[in-house]
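Only one structure is covered here, and it is reproduced in the block below.
The values are calculated or read from the model by the stated rules, or taken from the named source; none is laboratory data. All values derive from a computational prediction rather than experimental measurement. Positions of Cβ are backbone-derived with ideal geometry, glycine not excepted, and every protein chain shown enters the neighbour counts.
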Amino acid sequence: MAPLRREDVAKVAKLARLKLSEAELDQFTEQLGQVLEHANDIAALNLEGVVATAHPFGLINVVREDELRPSLSRDAVLAMAPDAEDGRFGVPRIMGEAP
């Protein structure tokens, strides 16, 4: 692959509507060139037989086991609510919604 040119970076910056100074153009040309070289190195690897993964390590479920524990009754919870009706929480109507 041909090395990245300063003019290429200037064109991409213009398309992205970025105003770059001369120093920034030089800096980003070098940095982007390094990124593209690294991408070429990765593309050149023989990955035949390598399984694609989303994580380098297997995921382990770290959530605790479910335990049955006593909780508040429905009546106790509804008694603490600002508004309750017919065994449910009462909430304000959404604008324009019919009853």
| Can we say Ala43 is at pLDDT 95 or above and either loosely packed, with under 10 Cβ neighbours inside 10 Å or among the hydroxyl-bearing types (Ser, Thr, Tyr) (or both)? | no
| task | Please verify whether region 70-77 includes one or more residues that are part of a helix (DSSP H, G or I) and of a type in the set (Asp, Glu). | result | yes
| query | Any idea which residue in region 1-55 is nearest to the chain's Cα centre (by Cα), counting only those that are outside any loop (DSSP other than H, G, I, E, B) and among the small types (Gly, Ala, Ser)? | reply | Ala39
| task | Would you check if there is a residue in region 45-54 being over 30 Å from Pro3 (Cβ atoms) and either touching a residue at least 40 places away in the same chain (Cβ under 8 Å) or not aliphatic (A, V, I, L, M) (or both)? | result | yes
| Arg64 fails exactly one of the following numbered conditions: (1) of a type in the set (D, E, K, R); (2) at pLDDT below 90; (3) surrounded by 10 or more Cβ atoms within 10 Å (Cβ to Cβ). What is the number of that condition? | (3)
